[in-house]
Amino acid sequence: MAPITGPPPWNDGYRGGTWVMLFMVLVMAAAMPAAGETDAATTSEAPSSVKCSAKKDPHGSWQGSTEPRGTYTLHCDHGYGVEGNRTVTLVCSEDGHWPADPWCENIDDCESLIHDCGPAGLCVDHKGKAQCLCEHGAIMHKADNGEVVCFLPGDSEQCGQKNCGSHGVCVDLRNYQDSFDTGDTAFRCSCEQGYHDDGHSCQPRDCGGQNDRMGTWTGSSLYGGEYTLHCDDDAFVWGGSQKAITIACPMSGVWTNHPRCTSPMREASDANRARMIFWANFGASGLCICAAALAAGLTMGLLSILPREMEIIQHTRNEDCATEEERMKLKTQKSAAQLVLPVLQDRHLLLVTLLLLNALANEALPIFLDELVSPFVAVLLSVTFVLLCGEVLPSAVFTGPLQLIIASTFVPVVKVLQCFLYVIAKPIAVLLDRHLPHDTEDLYTRAEIRAVLGLHGKADPGPATSTPARVEPSTLVAVEEAAVGLLGSVVEPLRNICDPPTAVVVGMQDEEDAGPPLDPLEVQLCDGVIGLGDKKVMDSAAFKDLRRCDRAFFVAASSSTATSVAAAALRADTEAVVVFKSLRRVRWPFEAPFEELLAILRIEDLLVATAEHVTVGDLCTIVGQPPIVGTDYTVTDSLDALIDVGVPSGFAVIQRDEEFLGIFDGEEALTALLLPPLPPPSRLKSDMSLDKRLAALAAVADALQPPADAPDVPLASLGAIKEERSAKSLGV
């Protein structure tokens, strides 16, 4: 039988309010004001429009009025009733609520039998009637009241003087039947309605105790007893104004009436508490989503940053920035890198900490969502809204253009998380370090550095869109002729070729105004410098083997005057002069004892001596003896050796086991960085006759000749001139 009373009137409204608030959250509107407006609208309705809700019953029909104070009657079908009654009538209250919620249920017709089908029978309830089924061999007898009684033939004296009490009689059984008997002997008690056989006697049925949070139950819950509910001071029995109500346990032993105490003040407090719990769950769900979003974003944002990139930023110099905007950006990146780099040192601890936060947030989220919505809606929200806002969008933001700035902003949060989760995260991180160690980041290889330079030398990392710079050969010839006519040198013109106003550059046209950070010439220079460390000195174009030494170098003794040696070197069409102490042991270039070698002078080095008595030996004291490099030296090593002696554009002697193999020209190696490979010197100089070259030398000597009464230039002044030239070479 169903309970008489129904659920509290505020329950359905609150559940509806939950869905309304959830819907408003999904559309990003305020949920609380909407709920308040709904409540206000409900309470402000006119009393004349209040009606009780219409009812339906599958086993009966309702008839009557649903207006306030109207009567509404339930007529149950045959075989159904409410507490044994075929009809029940309710009166609608003034506020539009029914005082109870009865419904028709099947009537157990077996309970109305006095003999309960006898000792050998079993009662089966049907709709509107009861049927007795007798055991095999039992006799079916119809009693005076019309009931069917089943018993076994023969006499039995099992009852003896057994007494079943005032509410039952003892019935002998021929044999003990487990399917019927509740006692431990071959007899049973046939009890009245409302009583049951406990194996010894007929005892009243017990409906069980009830509890009420706003009142206290006293009395007996047994059949025939009285059970009274006393409401607290601020409460009353729901559906009226009574402070107490008494009910009795029905014959079926099941409560059919469940009165309760209610209090408007407590209900309002409970509604506020329920509302607070709702918003607490709502806030906790939002916090879990934010925590999951933060963990997902930081996992992608921080772990995708390489410590080597942070070190590069920290070692970048402000003075290398071209614009003020670049300097400000570098300053911001340095501050961010300084915060991020310490966190990246223990990558496994960082990884485990962020994954633990993500797991905690995602596992706790369903606990709070289940309090707000149904499980199906919770799953739907998890795979759509939570996935989008808690995983996809944070990962995209944290790995976007402001990745480093955002990551540095949350570094304090990461450190706090590492402190809280250290006990769990650190052992796991140590285990990962032991079995899956992170290799120390290696520096970029030379090939990688070249690739980086290539990518920074063009806007598109695909095929190059511009033609590398080149210098027309005709321009080189014209420049060298003009320079030789003025200075009688073949090296200074090469330097002038690199001057933009003089050199003619073709094929360099940028397709966009905002080009890459490096232009092709800068990439060519950087690539050439890196290439110097890859190339052995004897594989360099600046290396002059014995055959080239024979053609390119003039040999002179230290006692020869500088002017005579310069004239002879020009006649021989050579580039420089190798000065020995004496030529007696020299068979150039096959025998060149290094202990006899004083210096290797260029033609322009000889022209600084304006006095006739200055010898090449005097100039050698200024230049110094060239360094010795081995065959395993690279071009970079050879240039380092020249820098150590203060002449980076000078010459170095190449030996192997004290055997002279050739000469390395530092100036030619440096010039090769600025220019493409030049044609052979003979091509450039073939258009100039020897007479023109001698005339150029004479013109230079006359121009540099001091007045007759001027004192000779001392060697100290020559040394100062040489130091100035060396400084300029180092600057280049």
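The values are calculated or read from the model by the stated rules, or taken from the named source; none is laboratory data. These numbers come from a predicted model, not from an experiment. Quick reminder, even Gly has a Cβ in these numbers, built from the backbone with ideal geometry, and neighbours come from all protein chains shown. Note: areas computed on protein heavy atoms with side chains; ligands, DNA, RNA excluded. Shrake-Rupley method; radii C 1.70, N 1.55, O 1.52, S 1.80 Å.
Each label point was placed 7 Å from the Cα along the Cα-to-Cβ direction; for Ser582 and Asp433 their separation is 7.2 nm. Taking every protein chain into account, the accessible area of the stretch 387-434 amounts to 61 square angstrom per residue (probe 1.4 Å). What the stretch 237-345 shows is 54 Å² of accessible area per residue, with the surface traced by a 1.4 Å probe over protein heavy atoms. Shown in residue order for the stretch 263-270 are the 3J(HN,Hα) couplings computed by the Karplus curve 6.51 cos²θ - 1.76 cosθ + 1.60 at θ = phi - 60°: 9, x, 5, 5, 5, 5, 5, 5 Hz (x for Gly and Pro). Applying 0.36 nm per residue to the separation of Gln63 and Arg446 and subtracting their alpha-carbon distance, the gain on full extension is 128.2 nm.
Subtracting the Cα-Cα distance of Glu595 and Gln193 from their residue separation scaled by 0.36 nm leaves 131.0 nm.
With the simple spin-label model, which puts each label point 7 Å out from Cα in the Cβ direction, the Lys243 to Ser374 separation comes to 4.5 nm. Ordered from largest to smallest accessible area (heavy atoms of protein chains, 1.4 Å probe), the residues Val124, Val149, Val392, Val635 come out as Val392, Val124, Val149, Val635.
With all protein chains kept in place, the per residue accessible area of the stretch 511-619 amounts to 48 square angstrom at a probe of 1.4 angstrom.
The value of relative contact order for the stretch 518-656, using C-alpha pairs under 8 Å at least six residues apart, is 26 percent.
Name the residues of the stretch 111-129 whose amide N is less than 17 Å from a point 7 angstrom out from the Cα of His141 along the C-beta direction? Those under the cut-off are 114-122.
The length gained by stretching the chain between Arg547 and Asp95 to full extension, at 0.36 nm per residue less their Cα-Cα distance, is 150.6 nm.
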